[in-house]
1. Return a yes/no flag: does region 85-103 have any residue that is modelled with pLDDT of 95 or more, more than 23 Å from N39 (Cβ to Cβ) and basic (K, R).
2. Which of the numbered conditions does A153 fail, given that it passes all the others? Conditions: (1) assigned to a strand (DSSP E or B); (2) touching a residue at least 24 places away in the same chain (Cβ under 8 Å); (3) within 16 Å of V89 (Cβ to Cβ).
3. Between residues in region 15-31 that are among the small types (G, A, S) and residues that are exposed (fewer than 14 other Cβ atoms within 10 Å of the Cβ) and not in a helix (DSSP H, G or I), which pairs lie under 9 Å by C-beta distance while being six or more apart or on different chains?
4. Taking region 122-150 only, how many residues are touching a residue at least 40 places away in the same chain (Cβ under 8 Å) and out of contact with any Lys or Arg (no Cβ under 7 Å at 6 or more places or on another chain)?
5. Could you please tell me which pairs satisfy a Cβ distance under 7 Å, a separation of 6+ or placement on different chains, a first residue in region 68-81 that is closer than 13 Å to Y105 by Cβ, and a second residue that is among the β-branched types (V, I, T) and in a loop (DSSP other than H, G, I, E, B)?
6. Among the residues of region 100-119, how many are closer than 29 Å to G58 by Cα and without any contact (Cβ under 8 Å) to a residue 12 or more places away in the chain?
7. Among the candidates S107, S72, single out the residue that is surrounded by fewer than 17 Cβ atoms within 10 Å (Cβ to Cβ) and of a type in the set (S, T, N, Q).
8. Scan region 25-77 residue by residue and report those that are under 17 Å from Y14 (Cα atoms), over 16 Å from the mean Cα position of the chain (by Cα) and of a type in the set (G, A, S).
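The values are calculated or read from the model by the stated rules, or taken from the named source; none is laboratory data. Remember, it's a predicted structure, so these values are computed and weren't measured experimentally. Positions of Cβ are backbone-derived with ideal geometry, glycine not excepted, and every protein chain shown enters the neighbour counts.
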Amino acid sequence: MILNGKKEGITMDYWEMIAAVVTIPADYQIAEEEDQIRNGKLVHIFRLQPEGKFSLNGPRIIGVFEDDNLISLKNLSTLPNGELLEDDVAVERAEEIIAEVNWEYGSDNIFLRVDYQERNFYAIDGQEQFFPVQWVKFAASSGNYAWVTLGAAGEIIEVEYESEWDYFRGRRKTEMWDNDDWVQAYYGQGPQLASPNALA
């Protein structure tokens, strides 16, 4: 699993880099691409959805790329099947993922904790789907944070690197371009998200 598009002379496009981490459903196509700023740096947002049709909070896979490297990934394409991993197994899997997906940012992360959370999306039929996840958090030598979110059977739901924290406000500082509700708030089309989410 190599998600650095420039490592050892290997050239990979955004689709290939995402497909190296998660399974892209056969009917998924590019729904949106745009450039934005994350932590003061230019990033490219690459959004995949069924038939390439943009659907707010619908089934989706979103990759955020900085300098052609995957910096953030959200996989809400299907409901994971099975049971969550034991904590020690989840941590081991997350450590492997965080080190392999982005070798530049993932080599010096220190495990902090496992939280049990929930994720959701709206299925094609409009029904809201909820499922449990294990959120495995890491600290980097940069002072920022990284995490891997795992669904049942260790399915990768999220990978995030270099997430900055606003200690004064007690919430995330890094922009959340892979979160549809945050993007809506950013454009003034929805409410601000509660802490610990970033202010839009």
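1. yes
2. Only one criterion is unmet by A153, namely (1).
3. A20/M1; A31/E51; A31/G52; A31/K53; A31/F54
4. 10
5. Here the result reads L73/V21, each pair linking region 68-81 to a residue that is among the β-branched types (V, I, T) and in a loop (DSSP other than H, G, I, E, B).
6. Result for region 100-119: 0.
7. On the way: S72 fails: surrounded by fewer than 17 Cβ atoms within 10 Å (Cβ to Cβ).
After ruling out the rest, the residue left standing is S107.
8. A26, A31, G52
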